[in-house]
Amino acid sequence: MTFKHCQSPVHTGDQCHAEPNEWVCNKTCNNSSKFIFRSPARFAEIDHDQKTQPAYTSLTRIYAMINHGANPVNILRQNLVVRHREWGMQLMRIWLGLFFLPMLTTIAGAAECDRSMLPILSPADLAYQDRGDRCEGLYQQTVATTGLRILGFQRGASQISENDPGTYVYAEAKGRKQLVVESARRRQYYRMDATFDGNRFYYPLALTRRPELAIKSAELAARVCVRDCDGLLPVLVPARLAMTDAEAGEPFLLLQATEDLTYLQIEVTGHGKEIAKRDLLGSMTWASWRPIEIPLGEFLQTGKDSELTFKATARGRSISQLDSVSAVLRVEGE
């Protein structure tokens, strides 16, 4: 967080503004003491006069600042620039805000954006960003080896009409779930992140229907994580995209790589043993960005809940280094 003296705001009665209209005050302004938060640049500035009463930082403001990457230690340091008799009250407000931050996020159902995503710069309205109950938009490409990833883990083909304003994403699992939907189209860096409880999440499709994106329903790939979502072995459950809780199809994985692949091996273990170890390409080359669909029905126990450990290892045409991805796949029996 950066602290410096603010530019002089324009005072209009009890309100505080600046040019252009991007300054917001958490208290009515006077000519000597003001706390100003500038959200577009995601930093706070303070202009403090020891002769006047300083404005407190509200819990909502503390939450917003931390959520935009502010260091809690800097918030504490800034709020201690107050008169001695106010220290107790300031400390209590700050630490209450930090303590209740996870609860506020859960209660509000706030979107949890992936901070590794670098949003595009223009057009801003299409950039990956917080959109209330989800984070959604376009991001810039990240550097990888082959770019091998698990693009989707689904059960049955998507059942979305091109005229539907949105769709439900169903997932059979208890507790909080992390949903990711991405575009399978070549070099289209679109992503939607959301967390939800229950067994479904309503996913608006307005952004995907914008002419600049024009993502078809068949190009959307979804996966739902229930544990260790940022780890090397996330636990996934299959997603279903449909407006109704229709009969589910066979579960399948979608892999994708940003490099042409000359080698791709999969390993599947479960039920206490190795189930399969296969070279999927042989002497073939798999084109970059082309999704690789791997049906999982043959690895599941009929009518029983199954938990498989899946690993894919690949080598790119221009990169000799091996790349791999792994996940634990949980599938409820039907």
- Message: Could you derive backbone 3J(HN,Hα) for segment 214-230 from the dihedral phi with the Karplus parameters 6.51, -1.76 and 1.60 (θ = phi - 60°), listing whole Hz in sequence and x where the residue is Gly or Pro?
- Response: 6, 7, 7, 4, 5, 8, 8, 10, 10, 8, 10, 10, 10, 6, 6, 5, 9
- Item | Vicinal HN-Hα couplings computed from phi for segment 153-165 (Karplus, 6.51 cos²θ - 1.76 cosθ + 1.60; Hz; Gly/Pro x) | 9, 10, 10, x, 5, 4, 10, 10, 7, 5, 9, 5, x
- Note on the structure: Extension length gain for Asp164 and Glu274 (0.36 nm per residue less Cα distance), in nm, is 35.4 nm
- Query: Taking the Cα centre of segment 124-331 as the origin, how large is its charge dipole in debye, to the nearest 20, when only Lys and Arg (+1) and Asp and Glu (-1) carry charge on their Cβ atoms?
  - Reply: 200 debye
- Item | Note, ³J(HN,Hα) from phi for segment 248-256, Karplus 6.51, -1.76, 1.60, rounded to Hz, x at Gly and Pro | 7, x, 6, x, 8, 9, 10, 9, 8
- Item | Built amide H within the under 5 Å cut-off of Ile275, gap 5+ | Val268, Thr269, Gly270
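All of the numbers you see were taken from the coordinates with simple rules; none came from a lab. These numbers come from a predicted model, not from an experiment. Note: ideal-geometry Cβ built from the backbone for every residue, glycine included; neighbour counts use all protein chains shown.
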